[in-house]
Amino acid sequence: MNWLKNLAGRIYALYVLMIFTIFMLIFLLPMWLVSFYSLRTRVRRFVKSGRLWCRIMMPMIGCPVRTKGRENFAPGQAYIIVCNHNSFMDIPATYAGIPGIHKSLAKKEMVNAPIFGIMYKIGSVLVDRKDPASRKHSFVEMKEVLRNGMHMLLYPEGTRNKTDQPLKEFYDGAFSLAIDTKKPILPTIIRGTKEIMPPGKTFFAWPHAVKMEFLPPISTIGYTLEDMEELKAKVFRIMWEHYQNP
């Protein structure tokens, strides 16, 4: 029966790709037009369009996004949202689930993707992780996003978690940004996206509900860069324990 599931998973993956492409073409023009507005207006309109896209698309492909803990977002407060990273499906899931306006950090090479690159230019802070100057510039851009009252979404694991563990080791970036800006960290757990796109399988997908849980925010007031490892370990522990015991 494995061959049958593999075949069904590839047919389903093709269906998802077709639906994604159709929606991308529908939303391409309005998303391109918003690029002429100011930063806050541009991002706000882009995120609203992206949220509409993902909230329609995800149920259509059998992957509804269910959220818990939205009350942890205080009105008018910008957060550094740190989230576990399981698969490519985390991106539409976060657009569908995160309240308010946010930007994410993305690899600079993604901007070269045909058509899709336009969306990355607007909705993301781009970084070349191998270039120290690019990393420094992205840090400045993320601070500007937060100053404009928008959330900054970061995946502290850096890359997708293809292991059998709940989380991979965290990088420093999200925590140095939080300490520098004194913005609270809002830990977020995503479940189900790894089941949609299992690691190690090529052109395979499977319908599965996605659950996002926003945990209580963690104040960074009083932390210095000398305390960064302590803060990072605290957030890691909270997310690990909650992933294990939802």
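What to note about this one:
- Subset of LYS121/LYS201; LYS5/LYS130; LYS68/LYS143 violating a 31 Å alpha-carbon distance limit: LYS5/LYS130
- Rounded to the nearest 20, the size of the Cβ-charge dipole of the chain about its Cα centre is 760 debye, with Lys and Arg at +1 and Asp and Glu at -1.
- Here the relative contact order of region 124-235, from alpha carbon pairs under 8 Å that lie six or more residues apart, stands at 22 percent.
- For the chain, alpha-carbon Rg over 2.2 N^0.38 Å: 1.00
- Longest segment of the chain lacking chymotrypsin sites (Phe, Trp or Tyr not before Pro) that sit in a DSSP loop with at most 14 other Cβ atoms within 10 Å: 89-202
- The lysines within cross-link reach of LYS168, meaning a Cα-to-Cα straight distance under 17 Å and a gap of 8 or more places when in the same chain, are LYS194, LYS232, LYS234.
- Length gained on full extension, TRP3 to THR224, computed as 0.36 nm times the residue gap minus the Cα-Cα distance: 74.1 nm.
- The alpha-carbon positions of region 32-142 define a convex hull whose volume is 131 Å³ per residue.
- Global form of region 139-194, assessed from the alpha-carbon gyration tensor, a/c cut-off 1.5: prolate
- Measuring nothing but alpha carbons in region 6-83 and taking Rh as the Kirkwood radius, the Rg to Rh ratio lands at 1.06.
- Measuring r between the beta carbons of THR21 and ASN148 and using R0 = 41 Å, the FRET efficiency lands at 0.80.
- Kirkwood Rh in Å, taken over region 191-246 so that all alpha-carbon pairs contribute: 14.0
- Spatial separation of Cα centroids for region 60-77 and region 156-174, in angstrom: 22
Just so you know, all these numbers are worked out from the coordinates, no wet-lab data involved. As the structure is a prediction and not an experimental result, all values here were calculated from the model. All Cβ positions, glycine included, derive from the backbone under ideal geometry; neighbour counts span all protein chains shown.
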